[in-house]
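One structure is given below, encoded as structure tokens.
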Amino acid sequence: MAKLLIKGGTLVSEGASRKGDILVANGKIAAIGESLSADAQTEVFDAEGCIVTYGLADVHVHLREPGYSAKETITTGTRAAAHGGVTTVCAMPNLQPAPDAPETISIEQRMIDEQAVVEVLPFATISKGRERRELAEIEALRPLSVGYSDDGNGIQTEGLMRQAMQRIAAVDGIIAAHCEDDALLHAGYIHDGEYARQHGHKGICSESEWGPIKRDVKLAEEEKCRYHVCHISTKESVEIIREAKQRCSHISCETAPHYLILCDADLKEEGRFKMNPPLRSAEDRAALIEGIKDGTIEVIATDHAPHTAEEKSRGLKGSAMGIVGIETAFALCYTHLVRKGVITIEKLVALMSENPRRLFRLGGALREGERADIALFDTTTPYTIDTAEFLSMGKATPFEGEEVYGRCRLTLFAGEKVYEDTKNR
């Protein structure tokens with residue numbers, strides 16, 4: 001492996017920022033310091049004006065393979081991750097076949113081994129086939145997966161969730177829960193708020209999310225199960241989790257950039273504004289922002305969910321649920337949260353790299369001797385989000401055309417360049 005000296009960037013790690021250099025050799029971080037020198041065999045990368053972080057970790061990504069390669073492939077999805085500075089991806093299990101046993105998750109793992117350009121850690125399902133009737137092969141799946149989720153489906157009964165927690169706690173696993181009460185959906189597809197009423201749309205009530213969370217945090221406390229709530233979007237969810245975390249250290253949650261930046265007042269009659277959970281009210285958005293500020297919400301994940309152009313072309317009512325986000329997440333959060341003084345850059349790096357790595361036990365840090373997973377972001381030069389530049393097969397984003405700061409300049413995985421912005425040096 002070639003040696004690389006990253007020179008003159010602002011290193012952000014463990015709550016602190018400082019100017020410095022990083023020497024990468026043999027796939028590892030060989031040295032961190034000031035005024036490091038390079039020999040003739042070392043490439044030098046000028047990081048002036050860039051934030052340098054350990055690789056981002058996105059714990060909620062849909063890579064769509066096996067089963068749905070018309071939407072995304074592991075190749076395109078991981079190239080998109082690298083484009084966004086993400087070096088570790090936790091892949092959700094709504095696949096065909098569902099990874100509910102060693103033989104099915106091995107199909108996904110073989111594809112990962114063949115295609116991925118960054119680290120991909122698959123989730124196993126909680127239930128067989130994600131059908132929520134009986135549990136998957138929990139014990140056998142533990143060494144093969146990063147955690148357990150039926151993402152896209154909520155576990156509807158307390159009994160099945162309690163059984164899942166008991167067995168997952170016994171193997172020291174973690175649940176990443178999609179919390180949604182099917183009985184409260186009533187065929188809704190956007191938030192049950194002012195926009196839905198004004199435009200004649202069927203709404204999804206907030207209780208469909210916070211109701212199952214309220215049930216589950218009590219169960220997690222009783223069963224001592226590590227429990228992580230996916231993509232929270234409501235003010236009630238924030239408050240329930242805030243209270244639960246005061247009693248219980250093994251409860252955590254995530255939200256996504258779009259819930260922190262947009263609300264239902266921003267909706268347009270286009271499929272690129274449709275996701276599940278939906279964009280909620282301005283009041284909900286404010287509560288989510290308070291949640292990241294006070295530590296209730298410890299993770300920002302993207303819920304990167306690519307679909308075909310045709311599936312996203314049917315407006316708010318008819319389009320598939322889900323937007324892409326792994327290539328724009330850092331820039332959007334830096335622009336809307338850091339530049340506006342909502343949170344610090346150190347907090348953002350914690351939310352997008354350090355906290356998910358800690359909670360899901362992924363490893364890695366910006367320290368000497370660690371695997372050289374490194375991301376550089378240009379925070380001084382604005383650019384416009386252009387889906388034509390996306391490496392993902394999915395192009396549906398509500399942020400197309402927005403000017404942002406934080407373009408990824410370089411991503412290393414195990415010391416190798418997996419993305420470099422050669423057009424905007």
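No value in this document is a laboratory result; all are computed from the given coordinates. Every value quoted in this text rests on a predicted model; they were computed, and no experiment measured them. We place every Cβ from the backbone using ideal geometry, glycine too, and count neighbours over all the protein chains shown.
Max-minus-min Cα coordinates of the stretch 35-134 on each principal axis give 60, 24, 23 Å, with the largest extent listed first.
Give me the percent of DSSP beta bridges within the chain that run antiparallel, rounded to the nearest 5. Mind showing how you got there, number by number?
Details: 31 of 61 bridges.
Taking every DSSP beta bridge with both residues in the chain, the antiparallel ones total about 50 percent.
Compactness of the stretch 33-93 was expressed as the Cα radius of gyration divided by 2.2 N^0.38 Å, which yields 1.59. By the compact-protein rule of thumb, 2.2 N^0.38 Å, the alpha-carbon radius of gyration of the stretch 183-235 corresponds to a ratio of 1.41. The mean sequence distance of close C-alpha pairs (under 8 Å, at least 6 residues apart), as a share of the length of the stretch 297-425, puts its relative contact order at 27 percent.
Put a dot 7 Å past the Cα of GLU243, heading toward its Cβ, do the same for GLN96, and the two dots end up 4.2 nm apart.
Calculate the translational D of the chain in whole µm² s⁻¹ from Stokes-Einstein, where the hydrodynamic radius comes from the Kirkwood formula applied to all Cα pairs, the temperature is 25 °C and the viscosity 0.890 mPa s.
Numbers: Rh = 21.6 Å.
It comes out at roughly 114 µm²/s.
A cut-off under 9 angstrom between Cβ atoms defines the neighbours of SER206, and their net charge, with Lys, Arg +1 and Asp, Glu -1, is -3.
To the nearest 500 deg cm²/dmol, what mean residue ellipticity at 222 nm is calculated for the chain from DSSP H runs of n ≥ 4 alone, each contributing -39,500 (n - 2.57), summed and divided by the residues? Kindly include the intermediate steps, with their values, before the conclusion.
Numbers: 13 runs with 114 residues, N = 425.
Mean residue ellipticity, 222 nm, calculated: -7500 deg cm²/dmol.
Straight-distance candidates among the lysines for linking to LYS423, with alpha-carbon spacing under 23 Å and chain neighbours fewer than 8 residues away dropped: LYS3, LYS7, LYS395.
Ordering HIS258, GLY394, SER353 by Cα displacement along the dipole of the chain toward the positive end leaves SER353 in first place; charges were set at the Cβ atoms of Lys, Arg (+1) and Asp, Glu (-1). Here the contact order of the stretch 93-209, divided by its residue count and restricted to Cα pairs under 8 Å and six or more residues apart, works out to 20 percent. Hey, what did the chain get for relative contact order, percent, Cα under 8 Å, at least 6 apart? Result for the chain is 19 percent.
How fast does the stretch 166-315 diffuse by Stokes-Einstein, in µm²/s, taking the Kirkwood radius from C-alpha pairs at 25 °C and 0.890 mPa s? Mind showing how you got there, number by number?
Numbers: Rh = 16.0 Å.
Taking Rh from Cα pairs, D becomes 153 µm²/s.
Here the dipole of the chain is about 220 debye; that uses its Cα centre as origin and unit charges on the Cβ of Lys and Arg (positive) and Asp and Glu (negative). Distance distribution P(r), the stretch 122-184, all Cα-Cα pairs, bin width 10 angstrom from 0: 25, 60, 14, 1 percent.
Both radii come from the Cα set of the stretch 368-425: Rg as radius of gyration, Rh as Kirkwood radius; their ratio Rg/Rh reads 1.03.
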